[in-house]
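Asks: Quick one: structure below, then a few questions.
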Amino acid sequence: MSDSDKELSSKLSEKDKAYLAGLFDGEGCISPIWGSKTYFSIKENKKKTYHFPRLQFVITNKNSLLLDVMKEKIGFGNFYRGKNGVAYDYRISAQKEILNVANALIPYAKLKKEALHVSKDALLYQLKRKPHARWTKEEKTFFYKNFMSRLEKLLPSGKKRGRPSKYSLDDRLSS
């Protein structure tokens with residue numbers, strides 16, 4: 001059994017879960033993102049891009065040692081150096097792993113408890129789908145309206161930050 005399959009709630013001490021929840025409340029977020037895959041359509045004889053919704057658990061901090069210890073305790077996720085070289089990101093992208101973390105943090109989170117609940121609902125919706133099945137426009141629209149837009153509003157700035165996308169929401173929903 002891999003670390004990500006074990007229940008994080010039973011793996012971490014109460015103190016560790018409370019500390020992680022506090023760190024998440026102060027430095028973290030669950031980011032709604034759009035994944036994409038490029039493929040060649042033989043029928044249309046051109047490259048096309050397929051978009052699908054995803055969630056990503058992120059904690060950013062200047063202390064790489066802190067994030068490294070956290071990753072070691074949790075047992076999954078990846079560690080990245082920020083583009084500016086000053087901050088580091090600890091990210092979890094696997095949907096089951098994010099759900100595992102959300103379940104462990106919900107009882108302890110204060111500021112971002114609602115975001116964890118919305119994320120949990122979104123992840124349960126995603127995990128009920130057939131694995132690797134293409135998202136229909138209706139599914140993407142439902143997921144965006146019910147989960148992604150709510151999570152974006154719960155971000156501290158009230159809107160998604162980062163570089164602007166080269167794809168509009170309509171492009172993402174229709175592909």
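Asks: Which residues, counting only those in region 32-58, are among the β-branched types (Val, Ile, Thr) and in a strand (DSSP E or B)? First the steps, then the outcome.
Replies: Just the residues of region 32-58 that are among the β-branched types (Val, Ile, Thr), to begin with: 33, 38, 42, 49, 58.
Across region 32-58, the qualifying residues are Ile33, Thr38, Thr49, Val58.
Asks: Can you name the condition, by its number, that Glu7 falls short on among (1) under 18 Å from Ala94 (Cα atoms); (2) surrounded by fewer than 14 Cβ atoms within 10 Å (Cβ to Cβ); (3) without any contact (Cβ under 8 Å) to a residue 24 or more places away in the chain?
Replies: (3)
Asks: Please go through region 37-53 and give me each residue that is in contact with a strand residue (DSSP E or B) (Cβ under 8 Å, 6 or more places away or on another chain) and surrounded by fewer than 16 Cβ atoms within 10 Å (Cβ to Cβ), ordered by number.
Replies: Lys37, Thr38, Tyr39, Phe40, Ser41, Lys46, Lys47, Lys48, Thr49, Tyr50
Asks: Check region 126-142 and report whether any residue there is under 30 Å from Ala18 (Cβ atoms) and at pLDDT 85 or above.
Replies: Yes, region 126-142 contains a residue that is under 30 Å from Ala18 (Cβ atoms) and at pLDDT 85 or above.
Asks: Tell me which residues, restricted to region 41-84, are under 18 Å from Phe24 (Cα atoms) and β-branched (Val, Ile, Thr).
Replies: Val58, Ile59, Thr60, Val69, Ile74
Asks: Between a first residue in region 14-29 that is over 27 Å from Glu152 (Cβ atoms) and a second residue that is basic (Lys, Arg), which pairs have beta carbons less than 9 Å apart while being 6 or more apart in sequence or on different chains?
Replies: Within 9 Å, the pairs are Asp16/Lys73.
Asks: Also, I was wondering about something else. Taking the options Asp16, Asp25, name whichever one is more than 24 Å from Leu151 (Cβ to Cβ), in a helix (DSSP H, G or I) and either touching a His at 6+ places or on another chain (Cβ under 6 Å) or charged (D, E, K, R) (or both). I'd like the intermediate steps shown before the answer.
Replies: Numbers: Asp25 fails: more than 24 Å from Leu151 (Cβ to Cβ).
Just a single option satisfies the conditions, and that option is Asp16.
Asks: Filter region 105-143 down to residues that are exposed (fewer than 11 other Cβ atoms within 10 Å of the Cβ), aliphatic (A, V, I, L, M) and within 22 Å of Lys153 (Cα to Cα), then give me how many there are.
Replies: Qualifying residue count, region 105-143: 0.
Asks: Related question: Looking at the structure I just gave you, is Arg81 surrounded by fewer than 13 Cβ atoms within 10 Å (Cβ to Cβ), of a type in the set (Lys, Arg), more than 17 Å from the chain's Cα centre (by Cα) and more than 30 Å from Ser174 (Cβ to Cβ)?
Replies: yes
Asks: Taking region 8-40, which residues are within 30 Å of Ala133 (Cα to Cα), of a type in the set (A, V, I, L, M) and under 16 Å from the mean Cα position of the chain (by Cα)?
Replies: Ile30, Ile33
The values are calculated or read from the model by the stated rules, or taken from the named source; none is laboratory data. Every value quoted in this text rests on a predicted model; they were computed, and no experiment measured them. Every residue, glycine as well, gets a Cβ built from its backbone with ideal geometry; the counts of neighbours run over all protein chains shown.
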